[in-house]
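S.K.: Input: one structure, supplied below.
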Amino acid sequence: MADSLKEIILFGDGKCKRGKWYLFSLDESHDSNFPGNINFPGTYIIFVKGECLYVGQSMNILKRLKDHIRMARYTNTWKTPWGYYSKILFAIRRERFRYERLAIEKRFIEKFKPKHNVLLKSNDE
């Protein structure tokens, strides 16, 4: 497992609790699907081949991830705005308040520097 994943993962009992990271993955099998229990506000990180692709936050993580990722037709890959991948790993964290989600998102964007995230820059930079 990539070093970046080791830094954020706290394995629990599989239930998404506030302030704890929860991991799941999608692969090329037809049985692979989003878990139904992630229909809550929080922060998410998308990894492919151990590299952080994107960090985001949403009021509904399940809906937002489905906006990003779909199963591609005729191939057993997952289609994202950034390309086609056979396996995608997600780390999600339940957070109720927007300011907490934004702070966590900003911290991990600065830490991992994902190539598909852009932080707003001030005029003096």
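Bear in mind these aren't lab numbers, they're just calculated from the coordinates by the rules spelled out. None of the values given here were measured: they were computed from a predicted structure. Cβ atoms come from the backbone with ideal geometry, glycine included; neighbour counts cover every protein chain shown.
S.K.: What are the residues whose amide H is under 5 Å from the amide H of Trp21, where those residues sit 5 or more places off or on another chain and H is modelled from the backbone?
M.R.: Hits under the 5 Å cutoff: Leu10.
S.K.: Enumerate the calculated ³J(HN,Hα) couplings along the stretch 88-105 in order (Karplus 6.51 cos²θ - 1.76 cosθ + 1.60, θ = phi - 60°), each rounded to whole Hz, writing x wherever the residue is Gly or Pro.
M.R.: So the Karplus estimates, Gly and Pro as x, are 10, 10, 10, 10, 10, 9, 7, 9, 7, 8, 4, 4, 5, 4, 5, 5, 5, 4 Hz.
S.K.: Can you run phi through the Karplus equation (6.51, -1.76, 1.60; θ = phi - 60°) for the stretch 49-54 and list ³J(HN,Hα) in whole Hz, with x for Gly and Pro?
M.R.: 6, x, 9, 6, 8, 7
S.K.: I want to check the label-to-label distance for Glu51 and Tyr99. Put each point 7 Å from Cα in the C-beta direction and report it in nm to one decimal.
M.R.: 3.7
S.K.: Using the Karplus curve 6.51 cos²θ - 1.76 cosθ + 1.60 with θ = phi - 60°, work out ³J(HN,Hα) for each residue of the stretch 66-71 in order, rounded to whole Hz, and write x for Gly and Pro.
M.R.: Karplus-based 3J(HN,Hα) across the stretch 66-71 equals 5, 5, 7, 10, 9, 6 Hz.
S.K.: Using a 7 Å offset from the Cα along the Cα-to-Cβ direction at both Glu110 and Met59, what is the distance between the two label points in nm, to one decimal?
M.R.: Calculated label separation equals 2.7 nm.
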